[in-house]
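> Can you read through this structure? Questions will come right after.
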Amino acid sequence: MRIKFVFRIIILVVITLAFNLTTFAQGASLPTGGMRYFFYGAVAFVIGSLSLAIYFLTLKNKYLKEARIRSGRLHGQSGLRKWWSYLDKKYFTKAASLEKEADVLLDHDYDGIKELDNALPPWWKWGFYFTVVVAVIYMFRFHVIKSGPTPLEEYDNEMRIAAAKMENFRMNSREAFDETTVKLADAAGIAAGKKIFAGTCFPCHGANGEGNAVGPNLTDKYWLHGGSLGNVFKTITIGVPDKGMQAWGKTFSPTDIRNLATFVLSLQGTNPANAKASQGNLYEVGKTSDSSAVKKDSLQTQPAK
């Protein structure tokens, strides 16, 4: 009865997996990367656990059968039980029967404990042979003819796919702009940029953009990396690693960076207290009314003080 119960569990697991695969085929995507291997590993673990449960139950039934033989209470076996006993004896355990244990009993004896020289279970040996075959095929494919991708190549390929998806998203989203096409934010955007500045930028540039020992003053007309909206947008996006400024493009969306850059430009001429001395080159907005476009900076070296 227990074996039948385990068989029912296996059938239920198979039906559940088939249903899930059907669901994936109808629109959802299969897990990728590490999650895919975790999924396969979980399925293998469940099937392996159930197989071991069947094995130990059949082993228990085997010893119960032998006990009935010794006691003379053996009844005729059904067709299914007889077939399963044959498979267990020939393929699964291949252990010596109780009547033949003396033939496989080893000589050494430790504190009354003896050991039988039983053969390894055929299923175990088949599994070992299978792993050897897989190892040979793997070695030949990946290290001899090199027709399969290495882990590093798989990583690079996945990164290229991710970059293509990101580019496709940027091209088809409402935030499809960069430093060459960005426009000034409206009042609501400037307010949103102020919140980002207060939560992220003030440690290096001061609460009012006055600058400090780490970052430059953002309220004057002198800029280290250009003072147009496009220049500021690009600087925030890619950062300045040499000066310790991280690339905020990995943290904020283009809209957030546009709002932040517009707010930074709005600080021009606010003249906060304790402002840091000017650094960089003077930036003068061109005569055109579209001051948000990226233009060739009109640079004037800061006079020596």
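The values are calculated or read from the model by the stated rules, or taken from the named source; none is laboratory data. All values derive from a computational prediction rather than experimental measurement. SASA here: full protein model, heavy atoms, side chains in, ligands and nucleic acids out. Shrake-Rupley method; radii C 1.70, N 1.55, O 1.52, S 1.80 Å.
> For Glu158, tell me the accessible area in Å² from a 1.4 Å probe, rounded to the nearest 10.
Approximately 110 Å² of Glu158 is accessible to the 1.4 Å probe.
> Still on this model: Suppose all protein chains stay in the model; what accessible area per residue would a 1.4 Å probe give for the range 111-220, in Å²?
Normalised by residue count, the accessible surface of the range 111-220 is 74 Å².
> Probe radius 1.4 Å, ligands and nucleic acids left out: which of Tyr129, Tyr222 has the largest accessible area, and how do the rest follow?
Tyr129, Tyr222
> Mind ranking Arg141, Arg160 by accessible surface for me, highest first, 1.4 Å probe?
Arg160, Arg141
> How big is the accessible area of Phe56 in square angstrom, nearest 10, if you roll a 1.4 angstrom probe over the protein chains?
120 Å²
> Accessible area, 1.4 Å probe, largest first: how do Glu101, Glu167, Glu210 sort?
Ranking Glu101, Glu167, Glu210 by accessible area, largest first, yields Glu167, Glu101, Glu210.
> Another question about this same structure. For Leu105, list long-range residues whose amide hydrogen, built 1.01 Å from N in the peptide plane, is under 5 Å from its own amide hydrogen.
Under 5 Å from the amide H of Leu105 lie the amide H atoms of Asp117, each far enough along the sequence or on another chain.
> Once the whole set of protein chains is in place, how much accessible area is left on Val214, using a 1.4 Å probe, in Å² to the nearest 10?
Its heavy atoms expose roughly 100 Å² to the probe.
> Additional query: Per residue and in cubic angstrom, what volume does the convex hull of the Cα atoms of the range 138-222 have?
Residue-normalised Cα hull volume stands at 219 Å³.
> For the range 47-57, what does the Karplus curve 6.51 cos²θ - 1.76 cosθ + 1.60, with θ = phi - 60°, yield as ³J(HN,Hα) per residue in whole Hz, taken in order and with x for Gly and Pro?
5, x, 5, 5, 5, 5, 4, 4, 4, 5, 5
> Here is a further query. Using a 1.4 Å probe over the heavy atoms of the protein chains, calculate the carbon and sulfur portion of the accessible area of the range 111-236 as a whole percent.
Roughly 64 percent of what the probe reaches on the range 111-236 is carbon or sulfur.
> Sticking with this structure for a sec: As a quick test, which of the pairs Lys65/Lys125; Lys60/Lys82; Lys250/Lys276; Lys194/Lys221; Lys165/Lys243 have an alpha carbon distance above 22 angstrom in this structure?
As for pairs spanning more than 22 Å Cα to Cα, those are Lys65/Lys125; Lys250/Lys276; Lys165/Lys243.
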